[in-house]
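Engineer: Input: one structure, supplied below.
The values are calculated or read from the model by the stated rules, or taken from the named source; none is laboratory data. Since we're looking at a predicted model, the values are computed, not measured. Every residue, glycine as well, gets a Cβ built from its backbone with ideal geometry; the counts of neighbours run over all protein chains shown. SASA here: full protein model, heavy atoms, side chains in, ligands and nucleic acids out. Shrake-Rupley method; radii C 1.70, N 1.55, O 1.52, S 1.80 Å.
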Amino acid sequence: MIKMEESMQIKENIGPKRKLQQIYDIGYFEIIRNFKKTLILLIIAAVIFILFVIGQEYQFGQGVELPTDPADFALGFLMMSIDSLVLISATSYGGSIIVTDFEKLTGNILFPKISRERLFVGRFLANYLMNAFVILFYYILIAFIVFIKYLGIPKILWTSLGWALLYILLILSFTILFSSFMKSTAGAVVLSLLINMIVFPIIQSILSVFSTVEPLFILPYYATIITGCFNMPEGDRFQTIPIMEGLDITLWITPSFQAALIGTTIFSFVFLFSAYLIFRNRQNK
Amino acid sequence: MGPKAEVIIELKNLTKKFKIVTAVNNLNLEIYKGEILGFLGPNGAGKTTTMKLIASLLHPTEGEIFVRENGKLQKLTSHNKDYLLDNIGFLIENPEFYKDRTPRQLLTLFAKLKGYPRDKIEDRVEEIIHMVGLSQWIDQKLGTFSKGMRQKIGILSALVHDPVILVLDEPQTGLDPKARREIRDLLLQLKNQGKTIFLSSHLLYEIAEIADRVAIISHGILVACDTLENLEAQAKSSQIQVELLNINDIKNTGIKIDKLIRSFLTDPIRYNKDSKVFELPFDGDPEKQYEILQILVENKMKIIDFTVSKADLLESLYLQHISQSDKTYKEFQKKAIKVEKII
């Protein structure tokens, strides 16, 4: 039992300070709770990195020469892996953020200790930070091997990291939207993965034949700037390839800096805000 | 509770409508400091909705909620809810927690969220865990806990920030008798510590054993709220259970008792084969209860038990109020349908 003066101390801890403290506490708890998941994702990132190193060393052993530009060497690590790594980590973090309370009745929804908006903000920030940490770890590994090979790290690698962090925000927000109305974490994760890995690429392929419009509404298109930034601003942003007489296909390589920045920000905001509204009005089963 | 008892929560004309359904209808209720108020009603009566309204999880369609703070009853609004609700600990019906977390981790989080002084959280968590006899489980994962243990942790999660009032929604539902008794003892312990407890339950026995007053709600309307004794007096209906030593002839014994005390009874005597007791329905007047006992003893009836069971009494009062309410509600619905047809 606490005494009266201590009870008054509790009362003093309300207002904006308490709100920020609650967001911090829920975020900290979320990070501890997801420690195993983070560890697994770090291992996955390390395994991908090691496999690439082995592959490259094998190629160098076969007589393939080391690129003269360290940026090209770094790009090799990112080309095949970074969008998938972001997709896997962002969906696995984002999938459970909201639905877990309804699926497992964690006691946070009925008679909660914290309002839904603070719960939402705390969890979102924690999951974004963990996700960013996994991707940062992957970039550090790349920077490490680049430094060993060239005794220097190209600045463009850190620009690429910035775009990767923005892309995480986009995919995480998209998955959180599914988490806000799906019945299970697995459902939210699988649906988000399916749409990003299958549905969007199919739509983009169809559009490349029938339209020259830049696919700014296709989320995976924004991932291309993570590697596309290595060739910008000089590189082409799209290519037109004739496949038969009278029929060309337009392949969009990467969005512009402005389009990527505005597109990811707007989409992320819309997804997060929609997810919050659904979460706020969702009733417990 | 006496007339001078301090009101700690007041619900005034509280109404909650969900589209065409009125879940809570013009509810007026006062909860007094230090009491256990049992909140009874069938499924869908509006118990949980009322509790959600107090917790500010739902907004009332009409009416107001007042919570005592700094000696004054203050209206609960969206601006002061954090401040006022710090006085209250809430528990959901069937608490589930993250299975891979421990009670220490979970209760520490809840205490932090509720702004409990950080340097005292560790001691507080250990103290309350000890109070329910789960000290050796404090660092075990919640996934390994039985339902009764989880329910205790649920109550502790409502209690961890040391609130003045506890609002508990069916804390004993689905528990075995041993766990129910443990929860009951815990609630009495909390009452002795000065906590005010607003408790909903289907388990009439549990309420009868610990509640100072009972409130009965049906179809969203409060149909009764008083002490058991007062409700009994109002209903003019009660029942004495008499157990006799060595009854050879139940029928003749029953006839004999009936002849002796017929003038005191409101209904014929019954014999309960399961509990092996005679049930004597009377109007609940304690004077008459005493006279019945005196007559039976004077006539050398070998009485080994003579009680008015609180649980049975509550059950009979509950059913009486609920059936009356059902009847009124059906009549109201019929009238409403007629009006609708005319329109």
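Engineer: Yes or no: B:Ser309 of a type in the set (S, T, N, Q) and either touching a Ser or Thr at 6+ places or on another chain (Cβ under 9 Å) or at pLDDT 85 or above (or both)?
Structural biologist: Here the answer is no, as B:Ser309 does not meet what is asked.
Engineer: Okay, moving on. Looking at the stretch A:57-76, which of its residues are at pLDDT below 90, in a helix (DSSP H, G or I) and touching a Leu at 6+ places or on another chain (Cβ under 9 Å)?
Structural biologist: The answer is A:Phe60, and nothing else.
Engineer: Now for a separate question. Quick check on the stretch B:236-259. Is at least one of its residues farther than 23 Å from B:Lys302 by Cα and open to solvent by 50 Å² or more (accessible area, probe 1.4 Å)? Walk me through it before giving the result.
Structural biologist: Here is the first cut: in the stretch B:236-259, the ones farther than 23 Å from B:Lys302 by Cα are B:236-237.
Of the ones still in play, those that are also open to solvent by 50 Å² or more (accessible area, probe 1.4 Å) are B:236.
The answer is yes, given that some residue of the stretch B:236-259 is farther than 23 Å from B:Lys302 by Cα and open to solvent by 50 Å² or more (accessible area, probe 1.4 Å).
Engineer: Please specify each residue of the stretch A:24-49 satisfying the condition of being at the interface with chain B (Cβ under 10 Å from one of its Cβ atoms) and among the β-branched types (Val, Ile, Thr).
Structural biologist: Those that are at the interface with chain B (Cβ under 10 Å from one of its Cβ atoms) and among the β-branched types (Val, Ile, Thr): A:Ile26, A:Ile32.
Engineer: Within the stretch A:13-49, can you find the residues that are open to solvent by 70 Å² or more (accessible area, probe 1.4 Å) and among the charged types (D, E, K, R)?
Structural biologist: Hits for the stretch A:13-49 are A:Lys17, A:Lys19, A:Lys36.
Engineer: From (1) within 20 Å of A:Arg18 (Cα to Cα); (2) in contact with a strand residue (DSSP E or B) (Cβ under 8 Å, 6 or more places away or on another chain); (3) of a type outside the set (A, V, I, L, M, F, W, C), pick out the condition that doesn't hold for B:Pro117.
Structural biologist: (2)
Engineer: Here's something else I'd like to know. Within 11 Å of another protein chain (Cβ to nearest Cβ), more than 26 Å from B:Ala211 (Cβ to Cβ) and either among the small types (Gly, Ala, Ser) or not in a helix (DSSP H, G or I) (or both): does that describe B:Gly154?
Structural biologist: no
Engineer: Here's a check for you: in the stretch B:31-76, which residue that is of a type in the set (Asp, Glu) and open to solvent by 50 Å² or more (accessible area, probe 1.4 Å) is nearest to the chain's Cα centre (by Cα)? Steps first, please.
Structural biologist: Residues of the stretch B:31-76 that are of a type in the set (Asp, Glu), as a first pass: B:35, B:62, B:64, B:69.
Subset that is open to solvent by 50 Å² or more (accessible area, probe 1.4 Å): B:62, B:64.
Numbers: B:Glu62: 25, B:Glu64: 22 Å.
That would be B:Glu64.
Engineer: Please find, within the stretch B:122-147, the residue that is surrounded by the fewest Cβ atoms within 10 Å (Cβ to Cβ) out of those that are under 22 Å from A:Gln21 (Cβ atoms) and within 11 Å of chain A (Cβ to nearest Cβ).
Structural biologist: Per the criteria, the residue is B:Asp123.
Engineer: Considering only the stretch A:50-58, I want to know if a residue exists there that is away from chain B (no Cβ under 14 Å) and either open to solvent by less than 10 Å² (accessible area, probe 1.4 Å) or of a type in the set (Asp, Glu) (or both).
Structural biologist: Yes: one or more hits.
Engineer: Tell me, which helices (runs of 4 or more DSSP H) lie completely within the stretch A:143-222 with 3 or more residues that are under 30 Å from A:Leu66 (Cβ atoms) and in contact with a helix residue (DSSP H, G or I) (Cβ under 7 Å, 6 or more places away or on another chain)? First the steps, then the outcome.
Structural biologist: Numbers: elements: A:155-181, A:185-194, A:200-210.
Those helices (runs of 4 or more DSSP H) span A:155-181.
Engineer: Exactly one condition in (1) without any contact (Cβ under 8 Å) to a residue 24 or more places away in the chain; (2) more than 30 Å from A:Arg18 (Cα to Cα) is false for B:Gly46; which is it?
Structural biologist: Of the numbered conditions (1) without any contact (Cβ under 8 Å) to a residue 24 or more places away in the chain; (2) more than 30 Å from A:Arg18 (Cα to Cα), the odd one out for B:Gly46 is (1).
Engineer: Condition first: in a loop (DSSP other than H, G, I, E, B) and either more than 9 Å from chain A (Cβ to nearest Cβ) or open to solvent by less than 10 Å² (accessible area, probe 1.4 Å) (or both). Now tell me which residues in the stretch B:98-114 satisfy that. Explain how you work it out, then say what you get.
Structural biologist: So in the stretch B:98-114, the residues in a loop (DSSP other than H, G, I, E, B) come out as B:98-102, B:114.
Across the stretch B:98-114, the qualifying residue is only B:Thr102.
Engineer: Scan the stretch B:157-178 for residues that are in a helix (DSSP H, G or I) and open to solvent by 20 Å² or more (accessible area, probe 1.4 Å) and report the count.
Structural biologist: The qualifying residues number 2.
Engineer: In this structure, does B:Ile257 turn out to be in a helix (DSSP H, G or I), in contact with an Asp or Glu (Cβ under 9 Å, 6 or more places away or on another chain) and either not small (Gly, Ala, Ser) or not assigned by TED's automatic domain parsing to the domain that holds B:Ile303 (or both)?
Structural biologist: Criteria not met by B:Ile257.
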